[in-house]
Every structure is written in C-alpha cells, then in structure tokens.
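What follows is calculated from the coordinates using simple rules that are stated; it is not laboratory data. Keep in mind it's a predicted model, so treat the numbers as computed, not measured. Ideal geometry is used to build each Cβ from the backbone, glycine not excepted, and the neighbour counts take in all protein chains shown.
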Amino acid sequence: RKTKSPDNILITLTTKNADLRSSMMGKSGRGKKKRSSLTNQIETEGKDDGPIVIEHLISSLSSQLMLFALCESMDEAMSIADAIVSDCDASSDNLVEHVAALLAEYFEDQVTYDQAVNITRSAIGLTSTPLTPSSDGANETREQMEHNNESDEEASLSLSDNEEYITEGECELCEREIKLTRHHLIPKSTWKKIRQRIQTASNAMAENNTNKARIVLGDVLFAEIPHDILNDASLSKGFLNKTCDLCRPCHTQVHTLHDEMVLAEKYPTVEKLLEDEEIVKFAKWANKQKCGKYSLSR
C-alpha cells in the first residue's frame, strides 16, 4: 500500500473539517459569533440544508475512523458512521457525547470514551488541530481514500435489490423491529457463474463423481444446495432466488464486509452469515441502537 506523510494526511482532513465548519456556520459571517451550543451550529445552516450537514458529518466521521485505523476500508467506515449518526438527534446539545458513546461502545477494545469524544469533536469541526493518528492510520494515503470513495458507487449498485423497503418486521441479523430490505443470499451478479457451477456439479453427480461436484461448488454451497437440484440443474432458479429480510444498516454492512462472490460461496444462508464474527459484532451492536430514520413510525 502506498504511503504519504502524516502531515499531508492531516492537512487533507483539516481542509475537510474546515469545509464542514463553514457549511455549519453559513456564508453570512455567522462564524464570528460565539457558539452557544452544537444545536446552534447545525440550525444556522438553515432548515432546508439540514440533511446536507448530516451528510457531511457522516463523511467527516468516516474519514476520522479511517485516519485512526479503526476501519479497514472507507466502505466499512461509511457504514458505521451512517449507523451511528442515524441513531443520534442532530438537534441535541449532547450530540458530541452521544456520538462518542456509540463510538466507544462499538470500538470498545480500541477506543476509550475520551478518545471517542476527541474523534467526534474533530469530525464535527470543533477541534482546531486534528489529533495525531496512530502509525497505522497515518499510512492511509489520500489516493487510497479517494479509491475507496470511488468504490461507493459500485457498492450501491450491488445493493440495487434493497433500494426499496419491502416490509416492516424483525431484521434477521440484529433482530430489531424496523423497516426491512431484501437481501439475495446468492447475489444476482453471481447467478451466471453459480448456474454454470451447478450445471457442472450436476453433470459430475450424474457420473457418480461426488468429489468433483464438491470441488466445483465448494464445501458450503455443496452442503446447502438441495440434492434434487444437483440431480437436475434446471431446478436451480428457486435456490438462486432465496432471500432474507435485513434492515438497511445490516444489509449495507454485509455487502461492505464481503464481495458478492464470497457471499454466494460462503454465506448463502442466514445461519452462515451469523457465523461471521464481524457480522455478528455489528448485529449485536446494532441491536442496542435506536432505529432512527429506519423506524417503523417514519
């Protein structure tokens, strides 16, 4: 991975924070006024521009998570930042404390509450000088972060099947009562390759070559695909169309942690998803959070 000096990274983040402070204060010289509370900063942006401020906060917080090497990719950082900010009341005077508490809870083995407060203040733009990141975080280059941002569009395409909420009920991962999206356990983008593998495995089974069929499909898929499909590959449509109901944060996290072919090969059932330590960690954390904008009442 390419490296760049910590000074350059800090300059980049300082610029982002300066832009965030500017957008919060507006363009009419309000920055010269004494800020009585964080609420005033957000409200001075104007009623219509509130969502933009929240969007900037998510972006800035995710940059901080990357800078301090708390996440392995910008996709993961954006997912966690979105879940945290969505659970907060942006008009609250205690926004810093609330965000910091959620950060400290999620990264309980990596960040103290005081560190989480400083990260949050820096993300919001209340810290004039960015904190010194860990040595690992300093190695995250601007080019890498830009590359990760460019992949956001590709990630959103992979989530095309969850753009619309399909129902309300219990998320099959975090178990919250919440608005739900549909997750294809075998992602659509992998169907062509998986169909070919099923056909090859079916041919192998017809020759009584079970070992070849297992190698072609992999141990997990071979164990999960019903034997009638292995005997007749034309029946694979039902298996490929299997879905589960996930809330948006859990759905996003699943696609953030694994690419779609890995999901198809290793995690074709909810039970398999719940065997992944990172998914379970996120689901347990999400279970304790408010539903926020994904609440049934909204």
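Starting from 0.36 nm per residue, how many nanometres of slack lie between Lys242 and Thr112 once their C-alpha separation is accounted for?
Details: separation 130, 0.36 × 130 = 46.80 nm, distance 4.13 nm.
So the chain would gain 42.7 nm between Lys242 and Thr112.
At 0.36 nm per residue, and after removing the present C-alpha to C-alpha distance, how many nm does the segment from Thr210 to Val270 gain when stretched out fully? Here the answer is 19.0 nm. Pairs Lys188/Lys237; Lys242/Lys284; Lys266/Lys293; Lys188/Lys212; Lys192/Lys266; Lys242/Lys281: which are spaced more than 22 Å apart, C-alpha to C-alpha? From Lys188/Lys237; Lys242/Lys284; Lys266/Lys293; Lys188/Lys212; Lys192/Lys266; Lys242/Lys281, over 22 Å: Lys242/Lys284; Lys266/Lys293; Lys188/Lys212; Lys242/Lys281. Karplus-derived 3J(HN,Hα) values for the range 165-174, using 6.51 cos²θ - 1.76 cosθ + 1.60 with θ = phi - 60°, are 5, 9, 6, 10, x, 9, 5, 6, 10, 8 Hz; glycine and proline are entered as x.
Modelled label positions at Glu105 and Lys290, each set 7 Å beyond Cα in the direction of Cβ, lie 1.1 nm from each other.
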